[in-house]
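Below you'll find the structure, written out as structure tokens, and then a few comments.
The values are calculated or read from the model by the stated rules, or taken from the named source; none is laboratory data. Keep in mind the model is a prediction, meaning the values are calculated, not measured. We place every Cβ from the backbone using ideal geometry, glycine too, and count neighbours over all the protein chains shown.
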Amino acid sequence: MTTPVISTTECKNLILKGRGKVRDIYDLGDQLLIVATDRMSAFDVVMPNPIPDKGRVLTQLSKFWFDLTKDIVPNHVISTEVEDYPKDCQSYREMLKGRSMMVMKTEVLPVECVVRGYLSGSGWEEYRKSGEVCGIGLPKGLVESSKLDEPIFTPATKAEMGLHDENISFEKMEKIVGKELAKKLETLSIAIYGKAREVAEEKGIIIADTKMEFGVKGKKLILIDELLTPDSSRFWPKDEYQPGGPQKSFDKQFLRDYLLSIHWDKSPPAPPLPEEIVQKTREKYLEAYERLVGRPLSSFLTL
Ligand SMILES: Nc1ncnc2c1ncn2[C@@H]1O[C@H](COP(=O)(O)OP(=O)(O)OP(=O)(O)O)[C@@H](O)[C@H]1O
Ligand SMILES: [Mg+2]
């Protein structure tokens with residue numbers, strides 16, 4: 001059973017702050033309403049077909065991790081229950097259920113806090129060229145997807161719309177947010193990643209790396225945005241882990257393999273997806289949720 005699929009939200013009573021590739025953000029004044037749609041992106045392009053239940057999986061996974069890490073750092077979540085949202089949201093309650101979060105609006109710090117436990121993506125690219133990632137020297141002889149002795153903090157600056165984030169050195173980050181805050185962000189990010197990866201590994205999922213965002217409200221440092229979802233992290237199936245090449249993505253592999261098989265040139269628009277690919281992708285997202293959280297998402301599907 002699936003719930004209605006949402007590709008785009010049109011909440012006319014609310015003020016739309018912006019749309020990301022996946023999420024629509026509404027401005028509630030002191031708060032934000034973050035709505036995860038069922039849009040799916042691959043190779044940085046949004047697909048024409050939505051993936052049923054994906055938005056709920058992303059929201060509920062974020063919620064799970066925010067709860068699990070709240071002893072390490074406070075986060076922006078105020079409520080994920082539509083009943084708690086302002087009156088203007090109530091006419092959208094069916095759509096919002098399970099896929100939305102009311103959060104504290106903060107001043108966003110202009111750095112992406114990336115932690116890597118394995119060498120992949122832009123980290124691997126940098127290491128291959130220079131033996132370093134974001135100015136951190138790593139041992140010789142590592143291969144693509146190698147596990148690092150210790151997780152490393154590799155910050156990035158947020159790119160303008162349409163561009164990729166740019167990896168920066170810790171010194172550059174210190175210049176942007178100040179020495180003290182940079183150190184704090186590093187320590188917190190590594191602690192959060194460390195806790196999450198332990199939990200995930202026990203469930204057969206490797207979290208190779210992840211990206212976090214922080215904001216400030218008054219003098220308080222707050223973890224914001226989404227947390228440890230397949231959109232902000234690399235999830236790999238542990239039983240198939242084999243360093244020396246790229247790993248299978250837990251959630252997007254069917255889709256990526258399909259797109260590669262039809263030789264799509266990765267520039268928009270993306271081709272329509274066969275139903276089988278949509279369904280398999282959906283199953284993988286649900287499986288990621290069920291494995292990590294330890295219970296099925298179906299309780300939300302029947303709400
Ligand atoms: N608590 C918060 N306070 C203020 N801004 C927030 C908060 N939580 C998230 N944001 C911001 O909301 C935006 C969420 O947008 P979203 O991630 O959906 O799109 P995007 O980053 O523009 O694009 P992409 O699809 O590539 O992620 C980000 O700019 C993020 O910094
Ligand atoms: Mg984003």
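Find all pairs meeting these conditions: Cβ atoms under 6 angstrom apart; at least six residues apart or on different chains; first residue within region 95-115 and more than 13 Å from ligand 2 (Cβ to nearest atom); second residue of a type in the set (Asp, Glu).
Pairs that qualify, where the first residue is more than 13 Å from ligand 2 (Cβ to nearest atom) and the partner is of a type in the set (Asp, Glu), are Lys105/Asp30.
Would you check which residues across region 97-125 are away from ligand 1 (no atom under 16 Å from the Cβ) and more than 25 Å from Ile205 (Cα to Cα) and list them?
Matches in region 97-125: Lys97 only.
Select from region 9-25 the residues that are more than 16 Å from the chain's Cα centre (by Cα), within 13 Å of ligand 1 (Cβ to nearest atom) and touching a residue at least 24 places away in the same chain (Cβ under 8 Å) and list them in ascending order.
Thr9
Quick one: count up the residues across region 33-45 that are away from ligand 2 (no atom under 13 Å from the Cβ) and more than 16 Å from Glu10 (Cβ to Cβ).
4
If only one of Ala196, Ala191, Ala182 is of a type outside the set (D, E, K, R), more than 16 Å from ligand 1 (Cβ to nearest atom) and under 22 Å from Lys54 (Cα atoms), which one is it?
Ala196
Could you tell me which residue of region 257-286 is nearest to Asp44 (Cα to Cα), considering only residues that are crowded, with 17+ Cβ neighbours inside 10 Å and either of a type in the set (Asp, Glu) or touching a residue at least 60 places away in the same chain (Cβ under 8 Å) (or both)?
Checked region 257-286; the qualifying residue nearest to Asp44 (Cα to Cα) is Ala270.
Find the strands (runs of 3 or more DSSP E) located wholly in region 145-252 whose residues include 1 or more that are over 21 Å from the mean Cα position of the chain (by Cα) and surrounded by fewer than 22 Cβ atoms within 10 Å (Cβ to Cβ), and list them.
147-153, 205-217, 220-224
Which is part of a helix (DSSP H, G or I), aliphatic (A, V, I, L, M), touching a residue at least 24 places away in the same chain (Cβ under 8 Å) and under 17 Å from Val22 (Cβ atoms), of Leu68, Leu61?
Checking each option against the conditions leaves just Leu61.
Answer yes if at least one residue in region 28-35 is more than 8 Å from ligand 1 (Cβ to nearest atom), within 14 Å of the chain's Cα centre (by Cα), outside any loop (DSSP other than H, G, I, E, B) and modelled with pLDDT of 95 or more, and no otherwise.
Yes: one or more hits.
Among Asp53, Asp67, which is more than 16 Å from ligand 2 (Cβ to nearest atom), of a type in the set (D, E, K, R) and surrounded by fewer than 23 Cβ atoms within 10 Å (Cβ to Cβ)?
Asp67
Using beta carbons and a limit of 9 Å, which pairs, at least six apart or on different chains, have the first residue in region 116-139 and crowded, with 21+ Cβ neighbours inside 10 Å and the second one modelled with pLDDT under 95 and assigned to a helix (DSSP H, G or I)?
As it stands, the answer is Val133/Ser122, since those pairs meet every condition given.
Any residue in region 204-220 that's without any contact (Cβ under 8 Å) to a residue 40 or more places away in the chain: show its pairings with residues that are loosely packed, with under 15 Cβ neighbours inside 10 Å at Cβ separation under 8 Å, as long as the two are six or more apart or on different chains.
none
List, please: which pairs have Cβ atoms under 6 Å, are six or more places apart or on different chains, and start with a residue in region 227-240 that is in contact (Cβ under 8 Å) with a residue 12 or more places away in the chain and under 9 Å from Asp251 (Cα atoms) and end with one that is assigned to a loop (DSSP other than H, G, I, E, B) and among the hydrophobic types (A, V, I, L, M, F, W, C)?
If the second residue must be assigned to a loop (DSSP other than H, G, I, E, B) and among the hydrophobic types (A, V, I, L, M, F, W, C), the pairs left are Phe235/Phe250.
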